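One structure coming up, written as structure tokens, with questions to follow.
The values are calculated or read from the model by the stated rules, or taken from the named source; none is laboratory data. Computed from a predicted structure; not experimentally measured. Using ideal geometry, Cβ is built from the backbone for each residue, glycine included, and neighbour counts are taken over all protein chains shown. Ligands, DNA and RNA are excluded from the accessible area calculation, which covers all protein heavy atoms including side chains. Shrake-Rupley method; radii C 1.70, N 1.55, O 1.52, S 1.80 Å.
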Amino acid sequence: FAIVLTLASFAGIASQAQDPAIDKPLLAIPANMRAAATVIKWKSDFTYDTLRKGTGKLACYERPVLQGQPPFSVECTSLANLERVAVTLKTEASAAPDQASQRAAFEALEKAGKWPKPEFGSLFYNLTGADQATARSHATISMPGATEKTLGLPEAGTSGGAWIMYAGSSAAHIMVPGH
């Protein structure tokens with residue numbers, strides 16, 4: 001009986017073993033949200049495989065690291081935003097690595113109606129850095145089309161409070177200092 005109990009205990013522990021492919025992307029969100037999140041892995045053609053189906057609305061993934069970007073980069077957002085993320089990743093991979101070229105590529109996509117809008121009010125959680133120990137946490141709230149006039153928040157981060165970055169575009173989002 002003791003052997004059966006010991007084997008059952010070991011099986012229970014083994015079933016809870018850590019999987020880095022799943023655990024690493026989940027680092028971008030608060031611990032209390034991780035159990036419900038879906039985890040995906042982006043493929044080279046910017047489609048993805050689902051590694052773990054969650055019960056909530058968030059999808060977490062490791063971002064492909066491009067030249068000049070920090071080597072540790074994980075992100076979570078609404079499942080509804082994955083089409084936009086795919087277009088974003090593809091554009092980042094194909095555009096010149098400088099910010100001006102990438103911004104121009106995204107503006108051209110938006111003007112052509114080929115950059116899907118994010119879900120209004122959805123969050124993007126990022127954890128990015130040289131490695132996990134030094135990675136910086138950052139969260140934004142997607143507000144496509146938002147302006148100072150529509151939200152009442154400033155369109156520049158000079159006041160020290162929350163503000164709208166890329167106001168008026170599909171990329172408009174609320175920035176919160178310190179996050």
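Rounding to the nearest 20 debye, state how big the charge dipole of the chain is about its Cα centre with +1 on each Lys and Arg Cβ and -1 on each Asp and Glu Cβ.
280
Give the accessible surface of the stretch 100-155 per residue, rounded to a whole number of Å², with probe radius 1.4 Å and ligands, DNA and RNA excluded.
Value returned for the stretch 100-155: 59 Å² of accessible area per residue.
Right, here's the next one. Distance from the Cα centre of the stretch 95-144 to that of the stretch 22-63, in angstrom?
When both Cα centres are located, 17 Å separates them.
What residue among Ile29, Pro154, Ala133 has its Cα farthest toward the positive end of the dipole of the chain, where the charges are +1 on Lys, Arg and -1 on Asp, Glu, each on the Cβ?
In the chain, that residue is Ile29.
In whole percent, and with a 1.4 Å probe on the protein chains, what portion of the accessible area of the chain is carbon and sulfur?
Here it works out to 59 percent.
Along the Cα→Cβ direction, 7 angstrom out, place labels at Gln18 and Leu66. What is the inter-label distance in nm?
Inter-label distance under the simple model: 3.1 nm.
What does the charge add up to near Thr140, with Lys and Arg as +1, Asp and Glu as -1, over the other residues with Cβ less than 14 Å from its Cβ? Please report the intermediate quantities before stating the final value.
Values: positive: Arg84, Arg136; negative: Glu75, Glu119.
So the surrounding residues net to 0.
Averaging sequence separations of C-alpha pairs under 8 Å and six or more residues apart, then dividing by the length of the stretch 17-71, give the relative contact order as a whole percent.
33
I'd like the Kirkwood hydrodynamic radius of the stretch 74-140, using the inverse of the mean 1/r over distinct C-alpha pairs, in Å.
This gives a value of 13.2 Å.
Sticking with this one: In the chain, how many lysine pairs have Cα atoms under 13 Å apart, counting only pairs 8 or more places apart or on different chains? Spell out each step's value before the answer.
Working: Lys24/Lys41; Lys41/Lys53; Lys43/Lys90; Lys90/Lys114.
Close lysine pairs under the 13 Å cut-off: 4.
Working from Cα positions, state the angle (0 to 90°, nearest 10) between the long axis of helix 99-111 and the longest principal axis of the chain.
80
Turning to a different aspect of this structure: Work out, step by step, the length gained on full extension between Thr55 and Ala31: first 0.36 nm times the residue separation, then minus their alpha carbon distance; give nm to one decimal.
Gain in length upon complete extension: 7.1 nm.
Ranking request for peptides 103-113, 141-151, 35-45: highest mean number of other beta-carbon atoms within 10 Å first, then the rest in descending order. All intermediate terms of the calculation are to be shown ahead of the outcome.
Values: 103-113: 13.6, 141-151: 17.2, 35-45: 15.4.
In decreasing order of mean packing, 103-113, 141-151, 35-45 become 141-151, 35-45, 103-113.
Helix-only estimate, please: 222 nm mean residue ellipticity of the chain, summing -39500 (n - 2.57) across DSSP H runs of length 4 or more and dividing by its residues, to the nearest 500.
One gets -8500 deg cm²/dmol as the mean residue ellipticity at 222 nm.
What percent do you get for the relative contact order of the stretch 33-160 when only Cα pairs under 8 Å and 6+ apart count?
Averaging sequence separation for qualifying contacts and normalising by length gives 19 percent for the stretch 33-160.
Which trypsin sites (Lys or Arg not before Pro) in the stretch 46-77 sit in a loop by DSSP (not H, G, I, E or B) and have at most 10 other Cβ atoms within 10 Å of their own Cβ?
Lys53
Cα extents of the chain along the three principal axes, largest first, in whole Å?
Here the spans come out as 71, 34, 29 Å, largest first.
Continuing with this model, one more query. Can you tell me the orientation of helix 2-15 relative to the chain, as the angle in degrees between its alpha-carbon axis and the longest Cα principal axis, to the nearest 10?
Rounded to the nearest ten degrees, it is 10.
Output the 0 to 90 degree angle, nearest 10, between the alpha-carbon long axis of helix 82-94 and the longest principal axis computed from the alpha carbons of the chain.
70
Okay, moving on. Expressed in nm to one decimal, what extension gain is obtained for the pair Ala80 and Lys41 from 0.36 nm per residue of sequence separation less their Cα-Cα distance?
Values: separation 39, 0.36 × 39 = 14.04 nm, distance 1.60 nm.
Stretched out fully, the Ala80 to Lys41 stretch lengthens by 12.4 nm.
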